[in-house]
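To start, the structure under review is shown below, and the notes come after it.
Values in this text are rule-based calculations from the coordinates and carry no lab data. In this text, all values refer to a predicted model and were calculated from it rather than measured experimentally. Here the Cβ is made from the backbone with ideal geometry for all residues, glycine too, and neighbour counts use every protein chain on show.
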Amino acid sequence: MRCPACGSLEDKVLETRTTANGTAMRRRRECLACGFRFTSYERVEDKPITIIKKNGDIQPFDIRKIERSLRICTDKRNITQEKIDDLVRSIEEAIQIQAGPKHEITSTAIGEEILKKLYTLDPVAYVRFASVYRQFNSLEQFVDEIEKFAQPER
């Protein structure tokens, strides 16, 4: 496994665990060249998930798009890279479960899953993502979304 910090191919596995739903092996690794610690995942190659967009288009699922969106909405927040990685994995696992044996999911279901996970992680990141996902175009929409945090149930 190539070290993301220095590019070395020499590492050792420190810990191996199965993910909660049993679909992947999580391995904590340490680079023997620079000492950087990182996580890798081993999954069974499966039929790819397809996304059904709001306009009816179909495209392959790409977790990197979700990760990029999460990095943008959590930018300059006190959220560690490890928390973001855990969030990405959690969202990906939920999407795989929702996609089921048909390997299809709507973009709306993905957006709502991201919002659900962000809601518990960071309110500012949640509102940032919601403002783009739900296409806020007025201050009132921001206020309405923020007021949801004051309400006990969600």
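By how many nm would the segment from Glu104 to Phe142 grow when fully extended, if each residue of separation counts as 0.36 nm and the alpha-carbon distance is taken off? All intermediate terms of the calculation are to be shown ahead of the outcome.
Working: separation 38, 0.36 × 38 = 13.68 nm, distance 3.13 nm.
Here the segment from Glu104 to Phe142 would lengthen by 10.6 nm.
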FRET efficiency for Asn78 and Phe149 from the Cβ-Cβ distance with R0 = 22 Å, rounded to 0.05, comes out at 0.80
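How about segment 32-106: which GluC sites (Glu not before Pro) there lie in a loop by DSSP and see at most 13 other Cβ atoms within 10 Å?
Working: sites: Glu42, Glu45, Glu67, Glu82, Glu92, Glu93, Glu104; in loops: Glu45.
Here the GluC sites (Glu not before Pro) that fit, given the DSSP loop and packing criteria, are Glu45.
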Contour minus Cα-Cα span, Ser131 to Asn55, at 0.36 nm per residue, comes to 25.4 nm
Violations at 23 Å Cα threshold for listed pairs Lys54/Lys102; Lys54/Lys116; Lys12/Lys65; Lys65/Lys148 -> Lys12/Lys65; Lys65/Lys148
The alpha-carbon pair-distance distribution computed for the chain, with 10 angstrom bins and whole-percent values, is 9, 31, 34, 19, 6, 0
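Counting helices only, and only those DSSP H runs with n ≥ 4, report the 222 nm mean residue ellipticity of the chain as the sum of -39,500 (n - 2.57) divided by its residues, in deg cm²/dmol to the nearest 500.
Result for the chain, helices only: -13500 deg cm²/dmol.
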If R0 = 22 Å, then Thr39 and Leu9, at their Cβ-Cβ distance, give a FRET efficiency to the nearest 0.05 of 0.85
